[in-house]
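Presented below is the structure to which this report refers.
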Amino acid sequence: MERREIGRSGLRVAPLALGGNVFGWTADEATSFAVLDAFVDGGFQLIDTADVYSRWAPGHAGGESESVIGRWLKAPGNAHKRDRIVLATKVGKPMGDEGSGKAGLSRRWIRQAVHDSLTRLQTDRIDLYQSHDDDPATPLEETMAAFGELIAEGKVRAIGASNFTAARLAEANAVAARLGVPRYECLQPHYNLVERKVYEDELEPLCRAEGLGVINFFGLARGFLTGKYRSEADLSQSVRGGGVRKYLAAQPLGVLAALDEAAAELGATPAQVALAWQMARPGITAPIASATGVAQLQELLGAARLRLSPAQVARLDGASAGL
C-alpha cells in the first residue's frame with residue numbers, strides 16, 4: 001500500500017488515519033481494542049487522538065481516549081505494535097476549569113501536558129504532537145521553542161498544528177526558522193466534500209507550497225457523507241446527529257446524490273467514495289475517520305483501495321463547488 005510522508009518529518013503513513021475521539025466514549029474498551037487491532041493488521045499506521053478526548057462526555061475528565069490506547073499498547077501480545085504505528089496526539093484545548101492554567105500553548109503547560117499524555121499512552125514518545133488550537137496569548141517564540149525542547153529530548157518526533165489560520169501557521173513556521181527550531185510539519189484542518197472553501201482558499205496553497213502534510217478531520221462530515229442522514233427523521237440515529245442538521249440543504253444533498261452515483265459505478269459505499277475523493281486530492285496526506293466497530297472500520301479502510309476516475313472526481317467537484 002502506498003505510504004505518504006507527513007511533511008518532511010520522516011514519518012510515513014498509509015493514506016487513511018484512524019480517529020481516536022470515540023475510544024472510551026461511543027466505543028467501549030473492548031471494541032476500541034478490536035478496532036485498533038484491525039486497523040494495524042490491515043497495514044495502516046496513523047492513530048490520531050488528543051488529551052481532551054472525551055472531556056465533553058458526562059462524567060469524563062479528558063484523557064479517556066489516550067488511556068484506552070495506552071492499555072491497548074500494553075495488552076498481552078501487543079508489544080510489537082508500538083513500532084508499527086504513528087501515534088499522534090494534541091495539546092491546547094482546556095483540560096480544566098477556566099483559570100486553572102490547564103490549556104493553551106505556554107511552555108509550562110506543554111511540558112506538563114506531554115508528561116500527562118505520555119503517562120496515559122504508556123509510551124516514551126509521541127510521533128506527532130499537535131497544537132490543538134492557536135494560542136494568541138502565548139508568544140509563538142515560547143511555543144515553538146518548547147516544542148523544540150521536546151523533540152531534542154526524544155519525547156516527540158515531529159509537531160503539527162490543528163485549527164490554525166494560514167496566516168498564523170505561516171507566522172509560527174517563520175518564527176521556528178528564525179529560532180532554528182523544528183517547524184510544524186503538518187496541518188489538521190476541517191475539510192470534506194461539503195466544507196471545502198476555507199481549506200482550499202487559504203490553507204491548501206500554503207501547505208502545498210511549504211510541503212506540509214495534511215491530515216484533515218471530519219472527513220465524513222460527522223457521518224453525513226456516509227448517506228446515513230438524508231432527512232430530519234434520520235438525525236435521531238446517532239448522538240452526533242444534531243451536528244449534521246446544517247447539511248440538510250439542497251446542495252449538500254446533491255453531493256450525496258453524486259456520491260451515490262459514483263458508489264454504484266464502483267461497487268463501493270458513499271463513505272468510501274467521499275474518503276477516496278480526499279485521498280486523490282494533491283496535498284492531502286491522510287483524512288481522519290473514526291469507527292465504532294470493526295465492520296465500520298473495514299468499510300472505511302476499503303477507501304484506500306478505491307480509485308476514482310477523472311470523470312467521477314469532476315462530478316464530485318462540481319456537486320460540491322462553492323461549499
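The values are calculated or read from the model by the stated rules, or taken from the named source; none is laboratory data. Remember, it's a predicted structure, so these values are computed and weren't measured experimentally. Don't worry about glycine lacking a Cβ; one is built from the backbone with ideal geometry, like all the others, and counts go over all protein chains shown.
Odds and ends about this structure:
- Scanning the stretch 196-246 for residues that are free of Cβ contacts under 8 Å to residues at least 24 places away in the same chain, crowded, with 16+ Cβ neighbours inside 10 Å and among the aliphatic types (A, V, I, L, M) yields Leu235, Val244.
- Pro205 part of a loop (DSSP other than H, G, I, E, B) and over 15 Å from the mean Cα position of the chain (by Cα): no
- Single unsatisfied condition, Tyr229 versus (1) over 21 Å from the mean Cα position of the chain (by Cα); (2) part of a helix (DSSP H, G or I): (2)
- Checking each residue in the stretch 97-109 for being modelled with pLDDT of 95 or more and either assigned to a loop (DSSP other than H, G, I, E, B) or polar (S, T, N, Q) (or both) picks out Lys102, Ala103, Gly104, Leu105, Ser106.
- Of the helices (runs of 4 or more DSSP H) lying entirely inside the stretch 234-323, not one is found with 3 or more residues being small (Gly, Ala, Ser) and under 28 Å from Gly211 (Cβ atoms).
- Those residues of the stretch 125-166 which are of a type in the set (Gly, Ala, Ser) and either surrounded by 24 or more Cβ atoms within 10 Å (Cβ to Cβ) or in a strand (DSSP E or B) (or both), in sequence order: Ser131, Ala158, Gly160, Ala161, Ser162
- Test set (1) surrounded by 21 or more Cβ atoms within 10 Å (Cβ to Cβ); (2) hydrophobic (A, V, I, L, M, F, W, C); (3) touching a Leu at 6+ places or on another chain (Cβ under 6 Å) - Ala280 fails condition number: (1)
- Some residue of the stretch 174-195 being in a helix (DSSP H, G or I) and either touching a Cys at 6+ places or on another chain (Cβ under 9 Å) or touching a residue at least 40 places away in the same chain (Cβ under 8 Å) (or both): no
- Every pair of residues 6+ apart whose Cβ atoms lie under 6 Å, when the first sits in the stretch 293-319 and is closer than 20 Å to Val194 by Cβ while the second is of a type outside the set (A, V, I, L, M) and part of a helix (DSSP H, G or I): Ala303/Gln272; Leu306/Gln272; Leu316/Trp277; Ala319/Gly254
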